[in-house]
Amino acid sequence: MIKRFNGFEAVSGLDLKVERGDIYGFLGPNGAGKTTTIRVMIGLMKPDKGSIKIGGLDVDEERSDIRKNIGYLPERVSFYGNLTVSENLEFLCKVKGCSLGTVDVLLKDFKLEDQRNKKCRNLSKGMTQRLGIAQTLIGDPDLLVLDEPTAGLDPNVRRWVKKKILDLKGSGKTIFLSSHVLSEVQELCDRVGILNEGKMLAEDDVGTLGSKLSLKDRLEFNIQPLKKSLELVQNLEFVERSRIEGNKLVFYCGTNKKMDIIQKFLDEDMDITDFSVKEPDLEEVFVRLTAGGQ
Amino acid sequence: MRGFEKFKLLYSKEMWIRISSIAKKEIIYNFRNRWVIFLSLLFLGLSILVSFYGTSLETQRDWMGLQDTIVYMITYIEYMVPILGVILGYSTIVRECQDGSMELLLSYPVDRGEVLAGKFLGLWTVLSISVIVGLGVGGVIISLMVEEVVFAEYYLFILSSVILGGVYISISMMFSVIFVEERSAMSASVFILFFFTFIWLFSMYAIAELTFGWELLELGQPPRWYFMLQLFNPVMLWYTLLALNIVPLRDWALEFGGKEPEIHPYNTWVMIALLVVWIAVPLIISEVLFNKKDID
């Protein structure tokens with residue numbers, strides 16, 4: 001599938017397949033083309049080239065039938081601010097041709113009963129996101145398309161959303177989840193596709209891709225003497241991209257080598273006042289993918 | 001085959017449920033808009049005030065009949081109904097595209113044409129209720145205060161105002177589809193409003209002066225094409241429709257122009273049909289453009 005905007009190719013020759021019952025993680029930085037791809041999938045935009053089939057039906061030709069079986073959470077979900085929570089859900093139920101009884105069930109399942117009569121413009125970001133996920137289940141669709149479902153949420157709500165996504169997978173839904181957070185995709189997804197500048201860089205099972213890329217942790221040390229510690233790690237072959245950032249020593253290495261390095265610092269009588277380990281992030285994935293020529 | 005299937009869809013119950021749901025949503029949403037409430041009350045207040053104080057121009061203060069009230073109110077309604085139409089229509093698509101609610105709605109099994117139809121019907125209902133209640137209640141109060149009451153002309157006045165409002169909703173909805181920013185849609189809608197009320201009038205005078213001359217216009221004898229040209233302005237259509245049917249306005253037109261309004265080549269039904277065309281054409285353009293539009 002190709003999608004252009006004023007000559008700029010936002011999505012370039014994307015080709016992917018999602019298996020029924022999977023959670024497919026669509027990973028990429030902001031501006032990679034994830035949302036554009038999703039909008040083409042939903043039929044909000046037309047592709048310049050290619051087609052998308054969902055459950056064997058062509059999105060362009062059978063749009064209405066396909067949408068009956070899709071629940072979509074936009075990246076920036078927005079409801080009618082002047083209508084209440086239940087009025088919004090009732091409206092969407094009618095548009096999808098569902099019984100209004102669904103509203104009470106969803107409000108209960110998503111713990112929104114207290115918010116029922118609140119106007120949507122007065123909802124918090126977390127509550128709006130809850131309502132956003134709730135509305136995806138109107139009509140009990142088989143496929144859920146969630147665009148950055150945890151973006152901008154506080155940790156508690158983020159945890160709740162992740163649990164809900166896993167519950168939904170447990171109930172047999174197929175979930176297409178877009179995210180720019182690697183750990184989230186690793187935690188939730190069966191398969192992952194990595195998109196950058198409109199192109200698919202890699203696609204595989206989450207575990208396989210992780211080991212294939214041999215992702216490295218990022219280590220940061222408050223250590224003295226700083227220059228000597230840098231020289232030390234630069235001579236270690238399993239250390240990459242070592243540098244000094246501010247008053248910290250920063251480098252990347254494999255998970256199983258962390259203790260070896262700390263031991264070497266201690267052997268050299270270096271003074272470690274603090275250190276932190278960051279799990280591989282998206283930047284690390286891109287470095288691996290581009291450097292490895294994969 | 002696809003065309004036939006589309007035709008068959010006209011009978012689809014589901015489609016009408018979707019359209020009516022969208023219309024209902026618009027009605028609830030807009031009746032919570034304080035501007036709509038304010039303008040409804042203004043219609044009511046104006047009809048009563050004009051009926052009582054309108055005659056102050058004739059150095060007496062007493063209730064006028066419904067017919068005379070219409071004549072005095074035309075000047076106000078000519079602006080207020082289009083303003084209400086513009087307020088309702090200009091943001092209806094563009095705002096939802098900007099805030100993201102359109103993206104959510106269109107991910108549901110609803111056709112873009114159905115969205116437009118539902119929105120138009122909902123907004124038109126809001127405008128109709130506002131005008132009918134505002135002018136209608138005013139009319140009832142006036143009719144209780146005067147002896148001679150001719151309701152038929154007042155009904156026509158209200159009905160034609162509702163149709164005129166529909167024209168402006170349709171035009172401003174079209175701008176709401178065309179533009180990607182609310183401000184641009186509003187500017188274009190307001191420009192059209194002023195174009196058909198102010199700019200048009202002066203342009204027509206200029207055309208008259210430059211072609212057949214001012215004298216013929218003063219004598220009420222401009223060439224036929226001049227009247228035909230006026231029909232491209234929905235406000236003029238509305239005015240002509242009223243002039244053809246409301247006696248004091250007709251008399252006033254005669255006094256001013258010296259000619260029967262029948263010099264217009266059309267009758268009441270043709271005027272109504274042309275106003276309906278003014279509603280339909282922008283809606284059709286909106287449907288075509290909205291179907292091509294990427295929602296982002």
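The values are calculated or read from the model by the stated rules, or taken from the named source; none is laboratory data. Predicted model, so just to flag it, every value in this text is computed and none were measured. Here the Cβ positions follow ideal geometry from the backbone for every residue, glycine too, while neighbour counts run over all protein chains shown.
Quick notes on this structure:
- Qualifying residue in region B:242-262 (condition: more than 22 Å from the chain's Cα centre (by Cα) and either at pLDDT 75 or above or within 14 Å of chain A (Cβ to nearest Cβ) (or both)): no
- Residue list for region A:1-30, filter: under 19 Å from residue A:47 (Cα atoms), over 18 Å from the mean Cα position of the chain (by Cα) and of a type outside the set (A, V, I, L, M): A:3, A:4, A:5, A:6, A:7, A:8, A:9, A:12, A:13, A:15
- Every test in (1) assigned by TED's automatic domain parsing to the domain that holds residue A:286; (2) modelled with pLDDT of 85 or more is passed by residue A:197 save one, and that test is (1).
- Subset of region B:91-100 that is buried (at least 20 other Cβ atoms within 10 Å of the Cβ) and outside any loop (DSSP other than H, G, I, E, B) - its residue that is farthest from the other protein chains (Cβ to nearest Cβ): B:94
- Counting only helices (runs of 4 or more DSSP H) that sit completely within region B:110-212, those holding 1 or more residues that are at pLDDT 95 or above, exposed (fewer than 14 other Cβ atoms within 10 Å of the Cβ) and not small (Gly, Ala, Ser) correspond to B:182-194.
- Candidates A:88, A:82, A:6, filtered to the one that is in contact with a strand residue (DSSP E or B) (Cβ under 7 Å, 6 or more places away or on another chain) and farther than 30 Å from residue A:183 by Cα: A:82
- Search result, residues across region A:205-221 that are assigned to a strand (DSSP E or B) and surrounded by fewer than 16 Cβ atoms within 10 Å (Cβ to Cβ): A:205
- Scope region A:72-96; condition facing chain B (nearest Cβ under 8 Å), under 25 Å from the mean Cα position of the chain (by Cα) and of a type outside the set (S, T, N, Q); matching residues: A:72, A:74, A:76, A:77, A:79
- Test: residue in region A:26-48 that is touching a Gly at 6+ places or on another chain (Cβ under 6 Å), of a type in the set (A, V, I, L, M, F, W, C) and crowded, with 20+ Cβ neighbours inside 10 Å: yes
- Qualifying residue in region B:118-139 (condition: under 30 Å from residue B:25 (Cα atoms), in contact with a Ser or Thr (Cβ under 7 Å, 6 or more places away or on another chain) and either without any contact (Cβ under 8 Å) to a residue 60 or more places away in the chain or of a type in the set (Lys, Arg) (or both)): yes
- Of all the criteria given as (1) farther than 29 Å from residue A:13 by Cβ; (2) over 21 Å from the mean Cα position of the chain (by Cα), the one not satisfied by residue A:53 is (1).
- Hey, residue A:99 part of a loop (DSSP other than H, G, I, E, B), at the interface with chain B (Cβ under 10 Å from one of its Cβ atoms) and out of contact with any Lys or Arg (no Cβ under 7 Å at 6 or more places or on another chain) or not: no
- Within region A:28-71, the set of residues being among the hydrophobic types (A, V, I, L, M, F, W, C), away from chain B (no Cβ under 11 Å) and either farther than 18 Å from residue A:203 by Cα or in a helix (DSSP H, G or I) (or both) comprises A:54, A:57, A:59.
- Residue match in region B:33-50 (condition: hydroxyl-bearing (Ser, Thr, Tyr), under 30 Å from residue A:81 (Cα atoms), surrounded by 17 or more Cβ atoms within 10 Å (Cβ to Cβ) and modelled with pLDDT of 95 or more): no
- Scan of region A:107-151 for residues that are within 27 Å of residue A:20 (Cα to Cα) and in a loop (DSSP other than H, G, I, E, B), ordered by number: A:110, A:137, A:138, A:139, A:140, A:141, A:142, A:148, A:149, A:150, A:151
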